[in-house]
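Enquirer: After the structure tokens below, expect a handful of questions from me.
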């Protein structure tokens, strides 16, 4: 029976339909001991007997792949794959797959959890009440304001529909425009610099690659409307955090909601940790209980498809391996 290593902390040693799916197909799920975030050495110890990986956000490194002679498939529970050494996997003819469509609603909900915490000043008011205060000054509305959505993939589209439900005007930046989505939802496409200048809230939904690394820097924040809010639930590397902290400290930006950071967990001296106008969450946007189950089940089915000689359309990112690939 082939072995599949269960990497994500929220899935290890826990029951789920994905385990039943794997067992029914003849796979043996392998759970590394403990419920801590796994180090590379933890994973390397298990890799020699592993035929497939059900990966999360933790790195799948060259060393891990090199010590896994039986490894034939990597399925990531999520849509980003920059944590996987794709070049090494491809050289070894190992398909790397993602689970598109499983967690976009969860991330969109996290966007508005962060945004409402900022506009309604929830974190500060909660602490104030616990300290004996009762501050009833007016807070910021969402209705009638402009949301700028940067990146219109599945997550960006989910954010658009929710922003419209809050009565917000929506402007969008994406290199590939969708006339039908624009017509149905009444959104406006803008160049990125124009979007930054027009938006009361900027929400980021770009992939992480060489062209987007650090795209939100001092210049980008300076182009944003004074008093605007910045939300990032995509990838920490899209943002130059020192520049964001500078803009917040200077009062140009009014606040930021961050589900992702450059280092996760952040370094203790990161100035963003001490700012009252910053709301943080630990990269949980895409992992509510329903999304987690959906991603795990989809990842399990991807591995099983590959094992049975079927190629999962729209899931494998190194599609060049398709021709002639065998388990």
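The values are calculated or read from the model by the stated rules, or taken from the named source; none is laboratory data. Predicted model only: the values in this text are computed from it and were never measured. Note that each Cβ is placed from the backbone with ideal geometry, even for glycine, and that neighbours are counted across all protein chains shown.
Enquirer: Restricting to segment 90-118, name every residue that is in contact with a strand residue (DSSP E or B) (Cβ under 7 Å, 6 or more places away or on another chain) and within 30 Å of residue 273 (Cα to Cα).
Expert: If the condition is that a residue be in contact with a strand residue (DSSP E or B) (Cβ under 7 Å, 6 or more places away or on another chain) and within 30 Å of residue 273 (Cα to Cα), then 111, 114, 115, 117, 118 are the ones that fit.
Enquirer: Oh, and also: For segment 108-129, check the following and say yes or no: at least one residue is farther than 25 Å from residue 236 by Cβ, modelled with pLDDT of 95 or more and not assigned by TED's automatic domain parsing to the domain that holds residue 235.
Expert: no
Enquirer: OK, next. Please enumerate the residues belonging to segment 23-38 that are within 25 Å of the chain's Cα centre (by Cα) and in contact (Cβ under 8 Å) with a residue 60 or more places away in the chain.
Expert: none
Enquirer: Now for a different question. Any residue that is touching a residue at least 40 places away in the same chain (Cβ under 8 Å), touching a strand residue (DSSP E or B) at 6+ places or on another chain (Cβ under 6 Å) and part of a loop (DSSP other than H, G, I, E, B) - is there at least one of those in segment 225-247?
Expert: Within segment 225-247 (the criterion being touching a residue at least 40 places away in the same chain (Cβ under 8 Å), touching a strand residue (DSSP E or B) at 6+ places or on another chain (Cβ under 6 Å) and part of a loop (DSSP other than H, G, I, E, B)), the answer is yes, since at least one residue qualifies.
Enquirer: I'd like to know if segment 39-46 contains one or more residues that are touching a residue at least 40 places away in the same chain (Cβ under 8 Å) and within 19 Å of residue 69 (Cβ to Cβ). Explain how you work it out, then say what you get.
Expert: Going through segment 39-46, the residues touching a residue at least 40 places away in the same chain (Cβ under 8 Å) turn out to be 46.
Still in the list and also within 19 Å of residue 69 (Cβ to Cβ): 46.
Yes, segment 39-46 contains a residue that is touching a residue at least 40 places away in the same chain (Cβ under 8 Å) and within 19 Å of residue 69 (Cβ to Cβ).
Enquirer: For segment 47-158, which fully contained helices (runs of 4 or more DSSP H) count at least 1 residues that are under 24 Å from residue 310 (Cβ atoms)?
Expert: Filter on segment 47-158 gives 62-66, 86-91.
Enquirer: Has segment 273-289 got any residue that is within 25 Å of residue 76 (Cβ to Cβ), at pLDDT below 95 and part of a helix (DSSP H, G or I)?
Expert: Yes, that holds for at least one residue.
Enquirer: Another question about this same structure. From 11, 5, grab the single residue that is part of a loop (DSSP other than H, G, I, E, B), in contact (Cβ under 8 Å) with a residue 24 or more places away in the chain and within 25 Å of the chain's Cα centre (by Cα).
Expert: Being part of a loop (DSSP other than H, G, I, E, B), in contact (Cβ under 8 Å) with a residue 24 or more places away in the chain and within 25 Å of the chain's Cα centre (by Cα) holds for just one of 11, 5, which is 11.
Enquirer: Counting only residues that are in contact with a helix residue (DSSP H, G or I) (Cβ under 9 Å, 6 or more places away or on another chain), farther than 16 Å from residue 305 by Cα and surrounded by fewer than 12 Cβ atoms within 10 Å (Cβ to Cβ), how many does segment 21-42 have?
Expert: Qualifying residue count for the region: 3.
Enquirer: Cβ-Cβ below 9 Å, separation at least six or inter-chain, first residue in segment 310-326 and in the same structural domain as residue 79 (by TED's automatic domain parsing) and at positive phi, second at pLDDT below 95 and surrounded by 10 or more Cβ atoms within 10 Å (Cβ to Cβ): which pairs?
Expert: 314/100; 314/101
Enquirer: Mind listing whichever residues of segment 200-224 are free of Cβ contacts under 8 Å to residues at least 12 places away in the same chain and in a loop (DSSP other than H, G, I, E, B)?
Expert: 210, 211
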